[in-house]
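Here's the structure we're looking at; comments come further down.
The values are calculated or read from the model by the stated rules, or taken from the named source; none is laboratory data. It should be emphasised that the depicted structure is a prediction, and the values quoted were computed from it without experimental measurement. Here Cβ is always computed from backbone atoms with ideal geometry, including for glycine, and neighbour counts include all displayed protein chains.
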Amino acid sequence: MDNNNIDFKDLWKKQTVSQPNIEDLMARLKQFKKAGLRSLWITNILLFATSAFILFVWYYYQPQFISTKIGIVLTILAMVIYVVVYNRLLGSFKNIDTTQTNQEYLQKLILIRKKQQFMQSTILSLYFVLLGAGISLYMYEYASRMTIFWAIFTYAITLIWIGFNWFYIRPKQIKKQQSKINELITRFEDINKQLD
């Protein structure tokens, strides 16, 4: 056998390539869509229930200070802004169906990732600022009736809880969401490369 006459193109064509399991990928996509829609509904229900409870407290207890009323408005405003922007993802999740091409799936996932990144940065920051300010203003009326120690203690516990959510829970949730969607995008990109 002559080593100079090796046909590399023929060898390349004969090699076996492991094809990605399309059924597995579609199952993951379906699971991602289902989890996204479930998260949207749970968020809507919880924030609506929380807003309704806050309005009930306002109506039932009739706060006297204007700061308490402003705090309630800021807190509800934070939730309304978050829900309105978050619900824009609903259409993106609903538009994912089984009749689309791989390229269309990829485009939908990239669009969802962009919307999630906007939610995770701009909207979530605005949400925490408004929520923190609203809670602080709301608590002022009741903290003014406490001793200095208990007022400081109450504010400290509240601010620690907001900080814990901002610095620990929020980054973990963001990382979890990003890893799920990035994995799907990478798999669809791999399939598209293999099909080209």
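Hey, does the stretch 103-123 have a residue that's within 17 Å of the chain's Cα centre (by Cα) and more than 25 Å from Glu183 (Cα to Cα)? Checked against the condition, which is being within 17 Å of the chain's Cα centre (by Cα) and more than 25 Å from Glu183 (Cα to Cα), the stretch 103-123 yields no hits at all.
Taken as a whole, the condition of being modelled with pLDDT under 95, touching a Ser or Thr at 6+ places or on another chain (Cβ under 8 Å) and assigned to a helix (DSSP H, G or I) applies to Ile54. Of the helices (runs of 4 or more DSSP H) that lie entirely inside the stretch 80-196, those containing 1 or more residues that are touching an Asp or Glu at 6+ places or on another chain (Cβ under 8 Å) and touching a residue at least 60 places away in the same chain (Cβ under 8 Å) span 102-118. Scanning the stretch 144-182 for residues that are within 30 Å of Glu104 (Cβ to Cβ) and surrounded by 12 or more Cβ atoms within 10 Å (Cβ to Cβ) turns up Gln173, Ile174, Gln177, Gln178, Lys180, Ile181, Asn182. Evaluating Ser67 against the criteria (1) without any contact (Cβ under 8 Å) to a residue 60 or more places away in the chain; (2) of a type outside the set (Phe, Trp, Tyr); (3) in a helix (DSSP H, G or I) leaves one unmet condition, (1).
Residues that are closer than 22 Å to Thr101 by Cα, charged (D, E, K, R) and surrounded by 10 or more Cβ atoms within 10 Å (Cβ to Cβ) were ranked within the stretch 20-50; the one that is modelled with the highest pLDDT is Lys34.
One line per residue, one yes/no per condition, for (1) exposed (fewer than 10 other Cβ atoms within 10 Å of the Cβ); (2) acidic (Asp, Glu); (3) at pLDDT below 85:
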site	(1), (2), (3)
Asn4	yes, no, yes
Asp7	yes, yes, yes
Lys13	yes, no, yes
Ser18	yes, no, yes
Trp58	no, no, no
